[in-house]
Amino acid sequence: MIRSGITVAALLLVISSTPAADPPRIVRENIEWLDVWVPGNNVKDQRRVLLIGDSITRGYYKTVEDKLNGKAVVSRLTTSKSLGDPALLDEVKLVLGQAKFDVVHFNNGMHGWGYTEEEYAKALPDLVATIHKGAPGSQLIWATTTPVRVSGKVDQFDPKTDRVKARNKSAVDVMKKEMIQTNDLYSLVVEKPDWFSQDGVHLNAKGSTAMGEQVATCVLNLLGQAEK
């Protein structure tokens with residue numbers, strides 16, 4: 001009994017003396033937003049697709065929905081939360097619990113500029129793991145983040161584009177290890193300044209349509225492969 005007491009006491013001493021893990025560093029914008037759209041809940045004879053991204057994803061969502069009409073129901077989770085913020089994973093878990101998705105097309109990289117590129121890269125595997133756990137059996141497509149242009153001078157690149165390039169490289173490296181297909185939206189628009197709105201971040205109607213068409217093609221190809 002005495003030995004047991006000493007052992008327990010020693011164990012408690014070790015536990016109490018072990019430093020607690022530092023809480024994650026959270027960087028938030030002054031206004032954070034979340035937009036979730038999960039249609040067709042009574043549709044039983046079509047596949048289901050989820051687009052995860054930000055306002056750029058929301059911009060091309062309608063094109064994807066139209067292109068997949070009759071073939072798949074398309075949902076979206078668009079948010080200002082960024083990799084590094086635990087709340088992003090909470091939002092993803094929430095939406096993945098709403099339905100069974102066959103394909104998840106996802107991106108994150110245009111927000112969270114307060115995080116370093118190292119912090120961004122470190123957080124990527126957790127996002128992939130969260131999607132795999134919440135949507136077991138689904139097929140994943142990663143989309144690269146699009147460049148940033150100078151507001152009012154969209155023929156020029158904003159310095160943030162160099163950070164986008166670094167984030168894209170880290171993401172593609174992770175996706176290769178995870179054997180996840182990459183949809184290179186960056187390359188699609190990088191030489192198309194006329195596809196950008198004057199804020200230098202968002203795409204105009206022409207650019208959003210082009211992106212949506214490429215996303216829809218990637219998704220349809222993946223759904224076709226799954227049926228073989």
* **Complete set of residues in segment 67-82 that are open to solvent by 10 Å² or more (accessible area, probe 1.4 Å) and in contact (Cβ under 8 Å) with a residue 24 or more places away in the chain** => K67, G70, K71, V73, R76, K81
* Residues being farther than 26 Å from H202 by Cβ and within 16 Å of the chain's Cα centre (by Cα) - total across segment 129-173 -> 9
* Structure fact -> Within segment 172-202, residues small (G, A, S) and farther than 21 Å from A216 by Cβ come out as S197, G200
* Structure fact -> R48 vs (1) touching a Ser or Thr at 6+ places or on another chain (Cβ under 9 Å); (2) open to solvent by 30 Å² or more (accessible area, probe 1.4 Å); (3) over 25 Å from V201 (Cα atoms); (4) not β-branched (V, I, T): all pass except (2)
* Asked: Considering segment 203-228 alone, what residues qualify as being in a loop (DSSP other than H, G, I, E, B) and in contact with a strand residue (DSSP E or B) (Cβ under 7 Å, 6 or more places away or on another chain)?
  -> N204
* To do: Check segment 9-29 and report whether any residue there is under 28 Å from P147 (Cβ atoms), under 26 Å from the mean Cα position of the chain (by Cα), assigned to a strand (DSSP E or B) and modelled with pLDDT of 85 or more.
  => no
* Within segment 54-64, how many residues turn out to be crowded, with 21+ Cβ neighbours inside 10 Å and touching a helix residue (DSSP H, G or I) at 6+ places or on another chain (Cβ under 9 Å)? -> 6
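The values are calculated or read from the model by the stated rules, or taken from the named source; none is laboratory data. Since the structure is predicted, the reported quantities are computational estimates derived from the model, not experimental observations. Neighbour counts run over all protein chains shown; Cβ positions are idealised from the backbone, glycine included. The area values use the complete protein model at the heavy-atom level, side chains included, leaving out ligands, DNA and RNA. Shrake-Rupley method; radii C 1.70, N 1.55, O 1.52, S 1.80 Å.
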